[in-house]
């Protein structure tokens, strides 16, 4: 049972329970797929880490579970592609090799870069995208190139980090991140795993609204749960830090406001989905399959944010508690459930 006692001394924040309006699901082969994805990281990227302990620390983040959570009904080979993609991007960030991402993107597109520094990343990307592109139409391949270019732009020219006088307000920041973030690729991988091609419909206003609310929900959930790590870095913008350091809100007020925004965007996403289903767009079978996939992406991403120890410290194990106090400064923490955060 969750511990409902007051928090001990030190800096603590209270995380209210986030809405779970979209059911979450796990792939039937989640354990095997996570293990297979971890083995892929070891094979292609193991030598990029400083040593075995750093590799194991990364694998304990459980990034290989992201695919089984976000495409729980997919064919195992396709689910593995989603996990491997998530592993690759996070490995590049964890190792501090973000500057290599542009070369990896270019190398995947034009075949250049073999034997050059960072070629382990390029070899991993070629293996991964070689498996992905066979399941994409030509139009989807073009969209994949555009999504990778947006991801590269996010890395080399991120939203300014705090402290900075150039930091935009929350709404502008979320717009910029949604336009350039890795979820553009994840949305396409949702099509890939569901075996549909949404290219003819994806530019429709109804889908733009759906994706805008989905992206904002996922960004804010991630920022809420990753504040502990974000506050210790000169990092691209975190929404909690923005409201606290730019706008002057007390930390707890910033958290509470963002939790309310999560519910707003989740409900707005559901409303946008209902409008699509009630429109002529909803008559196309690919639309219905894709919307189920988007539900899994939104719900699975939120579930993963609780599970990964990346946010609450190496060695943290989630016990299913979804609200409570947590330490901002301790190396490892967990949610201590309570009904009162006054």
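The values are calculated or read from the model by the stated rules, or taken from the named source; none is laboratory data. What you see is a predicted model, and the numbers here were worked out from it, not measured in a lab. Neighbour counts run over all protein chains shown; Cβ positions are idealised from the backbone, glycine included.
What single numbered condition from (1) part of a helix (DSSP H, G or I); (2) surrounded by fewer than 19 Cβ atoms within 10 Å (Cβ to Cβ) fails to hold for residue 202?
Among (1) part of a helix (DSSP H, G or I); (2) surrounded by fewer than 19 Cβ atoms within 10 Å (Cβ to Cβ), residue 202 violates only (1).
Being out of contact with any strand residue (DSSP E or B) (no Cβ under 8 Å at 6 or more places or on another chain), surrounded by fewer than 15 Cβ atoms within 10 Å (Cβ to Cβ), at pLDDT 90 or above and farther than 25 Å from residue 259 by Cβ: is that true of residue 196 here? Spell out how you get there, then give the answer.
Values: out of contact with any strand residue (DSSP E or B) (no Cβ under 8 Å at 6 or more places or on another chain): yes; surrounded by fewer than 15 Cβ atoms within 10 Å (Cβ to Cβ): no; at pLDDT 90 or above: yes; farther than 25 Å from residue 259 by Cβ: yes.
Spelling it out, it is not the case that residue 196 is out of contact with any strand residue (DSSP E or B) (no Cβ under 8 Å at 6 or more places or on another chain), surrounded by fewer than 15 Cβ atoms within 10 Å (Cβ to Cβ), at pLDDT 90 or above and farther than 25 Å from residue 259 by Cβ.
Would you mind telling me which numbered condition in (1) in contact (Cβ under 8 Å) with a residue 12 or more places away in the chain; (2) closer than 19 Å to residue 324 by Cβ; (3) surrounded by fewer than 20 Cβ atoms within 10 Å (Cβ to Cβ) residue 228 fails?
Failed condition: (3).
Just for helices (runs of 4 or more DSSP H) wholly inside the range 215-326: which have at least 3 residues that are out of contact with any strand residue (DSSP E or B) (no Cβ under 9 Å at 6 or more places or on another chain) and farther than 30 Å from residue 195 by Cβ?
Details: elements: 227-230, 251-278, 285-307.
In the range 215-326, the matching helices (runs of 4 or more DSSP H) lie at 251-278.
Cβ-Cβ below 6 Å, separation at least six or inter-chain, first residue in the range 305-318 and more than 14 Å from residue 94 (Cα to Cα), second assigned to a helix (DSSP H, G or I): which pairs?
Final answer for the pair search is 305/221; 305/222; 305/225; 318/306; 318/307.
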